[in-house]
Amino acid sequence: MTVAVRRLRPDDGRTDFRSGNIDLNRFFARYAGQNQFRHHIGTTYVAVDGSAILGFATVAASELTCTMLAPAARKRLPAYPLPVLRLARLAVDQRATGQGVGQLLLRTVFALAHKMADEMGCVGVVVDAKPEAAGFYRKLGFIELEARAGALGDRPQPQPLFIELGAVPK
Ligand SMILES: CC(C)(COP(=O)(O)OP(=O)(O)OC[C@H]1O[C@@H](n2cnc3c(N)ncnc32)[C@H](O)[C@@H]1OP(=O)(O)O)[C@@H](O)C(=O)NCCC(=O)NCCS
């Protein structure tokens, strides 16, 4: 398997993608293209083996306040909103999981965070992790953000995770 990562193209076929998460499959099929090419609210990177799409990661510029950070980082950073790169969606096709595709996409996101830091400012990467995927992110160095106050639902809530730029591998 020779896997490359590149930006989504308008003519990429997105309807055959099947991760274990139906919402992520639907997002990829219906919204990833228009969000990137028409509305410019997020850019999707795809891991491809030839014409087969093995996984995708969608990112967008975002911000967080330093009150959400661990006390040590809070002391170093100003109290106004801080620029971050948000990993908005990540999924790997079930036929390709467990082969490093997710990690490869994360490395692309990490490289983008460094590029964003150089060109416009970025203090790290945030993700609202699904509980079943939190271990995947922790393995790569993400730590918990202070959870925002919100309504408690019956479903497991996403876990906000963060990795500081200094800990993001180059
Ligand atoms: C989570 C997901 C993206 C992982 O992708 P993947 O390509 O299978 O992951 P990789 O093969 O790159 O795994 C990298 C490492 O993370 C570990 N890992 C993978 N999924 C994990 C999980 N859910 N929990 C804990 N560790 C996990 C792997 O064992 C591997 O460890 P190793 O380096 O010690 O061998 C993929 O399983 C997926 O698409 N899941 C459904 C959608 C989803 O939950 N997306 C995340 C939304 S927040």
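Rule-based calculations on the coordinates, nothing more; no lab input. Treat the numbers as computed from the prediction; the structure is a model and nothing was measured. Don't worry about glycine lacking a Cβ; one is built from the backbone with ideal geometry, like all the others, and counts go over all protein chains shown.
Give me the lysines in straight-line cross-link reach of Lys130: C-alpha distance below 27 Å, same-chain residues under 8 apart excluded.
Lys115, Lys139, Lys170
Length gain on complete extension for the stretch Arg7 to Arg76, per 0.36 nm per residue less the alpha carbon to alpha carbon distance? All intermediate terms of the calculation are to be shown ahead of the outcome.
Values: separation 69, 0.36 × 69 = 24.84 nm, distance 3.42 nm.
Contour length minus Cα-Cα distance gives 21.4 nm.
Go through the stretch 98-111 residue by residue and turn each phi into a ³J(HN,Hα) via Karplus (6.51, -1.76, 1.60, θ = phi - 60°); whole Hz please, and just put x for glycine and proline.
Ordered by residue, 3J(HN,Hα) equals x, 10, x, 5, x, 5, 4, 5, 5, 5, 5, 5, 4, 5 Hz.
Among Phe37, Phe110, which comes first, second and so on when ranked by fewest other beta-carbon atoms within 10 Å? Could you put the intermediate results ahead of the total?
Numbers: Phe37 12, Phe110 21.
So the residues, fewest neighbours to most, are Phe37, Phe110.
Taking amide H positions as placed 1.01 Å from N in the peptide plane, with prolines and chain starts having none, which residues 5 or more places from Tyr45, or on another chain, fall under 5 Å of its amide H?
Leu8, Ala57, Thr58, Val59
Hey, what do the phi angles of the stretch 39-54 turn into as Karplus ³J(HN,Hα) couplings, whole Hz, using 6.51/-1.76/1.60 and θ = phi - 60°, x for Gly and Pro?
After applying 6.51 cos²θ - 1.76 cosθ + 1.60, I find 9, 6, 9, x, 10, 9, 10, 10, 9, 10, 10, x, 9, 7, 8, 8 Hz.
Tell me, what ³J(HN,Hα) does each residue in the stretch 15-29 have, in order and in whole Hz, if you take phi through Karplus 6.51 cos²θ - 1.76 cosθ + 1.60 with θ = phi - 60° and put x for Gly and Pro?
Working through the residues one at a time gives 8, 8, 6, 9, 8, x, 10, 5, 5, 5, 5, 5, 4, 4, 5 Hz.
Quick query: amide H of Ala52 versus all other amide H atoms, modeled in the peptide plane; which residues come in under 5 Å with a sequence gap of 5 or more or a different chain?
Excluding prolines and chain starts, which carry no amide H, there are no hits.
Around Leu64, which amide H atoms from residues at least 5 apart in sequence, or from another chain, sit under 5 Å from its own amide H, with H modelled in the peptide plane?
For Leu64, the qualifying residues are Leu82, Val84.
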